[in-house]
Amino acid sequence: MVAGTGIESALEGVDVVIHAATAPQGDTEKVDVAGTKRLLDAAVETGVEHFVYPSIVGIDDIPFSYYEHKRTAETAVENSNVPTTIVPATQFHSFVAGLFDAVAKLPVWPLPTKMRVQPVAVSDVAERIVGHATSTAAGRADPVGGPEVHSVGDLAGAYRRARDLRRPMLRIPFPGGTARAFRAGHATCPEHAVGTVAWTEWLAEQYAGDTTDERQNKSPVA
Ligand SMILES: NC(=O)c1ccc[n+]([C@@H]2O[C@H](COP(=O)([O-])OP(=O)(O)OC[C@H]3O[C@@H](n4cnc5c(N)ncnc54)[C@H](OP(=O)(O)O)[C@@H]3O)[C@@H](O)[C@H]2O)c1
């Protein structure tokens with residue numbers, strides 16, 4: 001997508017594009033902005049009927065460079081000549097757990113416990129997105145939020161219980177606009193709490209039988 005090679009041939013005969021490629025840890029300007037524009041241009045060229053774009057709840061109100069690039073990409077999607085649907089979602093369970101997996105390796109848990117998140121199962125988001133894979137464009141669709149809004153402290157507590165982790169948790173009040181926006185709940189959409197899998201249910205399934213040994217920072221069953 002960055003080099004631009006093979007995009008048009010990949011779109012030959014395609015009616016609906018679901019553009020979920022992203023590089024939050026990489027060059028988001030090149031991948032999420034320029035890559036999205038390139039894909040949109042190719043979609044117009046090849047006569048794609050509908051372009052579906054997953055996005056993120058709250059990016060208009062949360063100052064964060066990845067989100068700014070997602071916003072720019074959304075604008076390109078909205079201004080494109082191909083009919084489009086944008087589907088914002090809240091943070092995936094797997095994404096939140098990935099952050100805690102990293103923190104669990106530290107001797108203590110420094111966390112912005114008051115930030116608020118509404119994690120959702122990726123299967124719920126995928127189901128909604130696939131539901132839009134028709135010839136009917138919806139513009140900006142309703143967001144897909146998880147079933148419950150939680151503080152990061154509560155999410156971490158449930159994660160630690162699921163994995164029987166006991167290192168001390170330290171409340172770190174992160175400064176800056178990004179943390180403030182998360183504390184204010186801008187990343188949540190409680191009026192669209194349509195997700196079917198609660199955080200504790202997801203954890204129970206994900207970490208069933210996990211017997212992590214904190215002293216060694218690794219699971220003996222890995
Ligand atoms: N994660 C969340 O919590 C969350 C929440 C709401 C919305 N979303 C949105 O959902 C969508 C999918 O997110 P995700 O977290 O599932 O992403 P992900 O797991 O990081 O997967 C991103 C995909 O993009 C591909 N990709 C990266 N750079 C590329 C390039 N230059 N050309 C072609 N493909 C490239 C990656 O391919 P490789 O594997 O080959 O690198 C990977 O398959 C994104 O639009 C994201 O903004 C995510």
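Would you call Ser94 within 11 Å of the ligand (Cβ to nearest atom), hydroxyl-bearing (Ser, Thr, Tyr), out of contact with any Gly (no Cβ under 9 Å at 6 or more places or on another chain) and in a helix (DSSP H, G or I)?
yes
Just the residues that are closer than 28 Å to Pro190 by Cα and not hydroxyl-bearing (Ser, Thr, Tyr), please, taken from the stretch 45-63.
Phe51, Val52, Pro54, Ile56, Val57, Gly58, Ile59, Asp60, Asp61, Ile62, Pro63
Can you spot a residue in the stretch 93-103 that is buried (at least 16 other Cβ atoms within 10 Å of the Cβ), within 27 Å of Arg160 (Cα to Cα) and not hydrophobic (A, V, I, L, M, F, W, C)?
Yes, some residue in the stretch 93-103 is buried (at least 16 other Cβ atoms within 10 Å of the Cβ), within 27 Å of Arg160 (Cα to Cα) and not hydrophobic (A, V, I, L, M, F, W, C).
I'm told Ala34 meets every condition in (1) near the ligand (Cβ under 10 Å from one of its atoms); (2) aliphatic (A, V, I, L, M); (3) at pLDDT 95 or above; (4) not in a helix (DSSP H, G or I) except one. Can you identify the failing condition by its number?
In the conditions (1) near the ligand (Cβ under 10 Å from one of its atoms); (2) aliphatic (A, V, I, L, M); (3) at pLDDT 95 or above; (4) not in a helix (DSSP H, G or I), Ala34 misses (4) alone.
Does Asp27 satisfy being under 30 Å from Thr5 (Cα atoms) and near the ligand (Cβ under 9 Å from one of its atoms)?
Criteria met by Asp27.
Here's the yes/no breakdown for (1) without any contact (Cβ under 8 Å) to a residue 60 or more places away in the chain; (2) farther than 25 Å from Glu201 by Cα; (3) part of a helix (DSSP H, G or I):
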{"position": "Val52", "(1), (2), (3)": "no, yes, no"}
{"position": "Tyr66", "(1), (2), (3)": "yes, yes, yes"}
{"position": "Ser80", "(1), (2), (3)": "yes, yes, no"}
{"position": "Ala102", "(1), (2), (3)": "yes, no, yes"}
{"position": "Thr113", "(1), (2), (3)": "yes, no, no"}
{"position": "Asp124", "(1), (2), (3)": "no, no, yes"}
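In the stretch 162-212, which residues are more than 16 Å from His93 (Cα to Cα), among the charged types (D, E, K, R) and outside any loop (DSSP other than H, G, I, E, B)?
Arg171, Arg180, Arg183, Glu191
Can you name the residue in the stretch 1-20 that is within 13 Å of the ligand (Cβ to nearest atom) and part of a strand (DSSP E or B) and, of all such residues, is surrounded by the most Cβ atoms within 10 Å (Cβ to Cβ)?
Val17
Going by what's in this entry, would Thr72 be described as within 14 Å of the ligand (Cβ to nearest atom), surrounded by fewer than 21 Cβ atoms within 10 Å (Cβ to Cβ), over 14 Å from the mean Cα position of the chain (by Cα) and at pLDDT 95 or above?
Yes.
Table: residues versus (1) away from the ligand (no atom under 13 Å from the Cβ); (2) of a type in the set (Lys, Arg); (3) within 30 Å of Glu49 (Cα to Cα).
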site: Glu78; (1), (2), (3): yes, no, yes
site: Asn81; (1), (2), (3): yes, no, yes
site: Ile86; (1), (2), (3): no, no, yes
site: Val125; (1), (2), (3): no, no, yes
site: Arg128; (1), (2), (3): no, yes, yes
site: Gly139; (1), (2), (3): yes, no, yes
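From the set of residues in the stretch 126-160 that are in a helix (DSSP H, G or I) and touching a Pro at 6+ places or on another chain (Cβ under 8 Å), which is surrounded by the most Cβ atoms within 10 Å (Cβ to Cβ)?
Leu155
The values are calculated or read from the model by the stated rules, or taken from the named source; none is laboratory data. It should be emphasised that the depicted structure is a prediction, and the values quoted were computed from it without experimental measurement. Quick reminder, even Gly has a Cβ in these numbers, built from the backbone with ideal geometry, and neighbours come from all protein chains shown.
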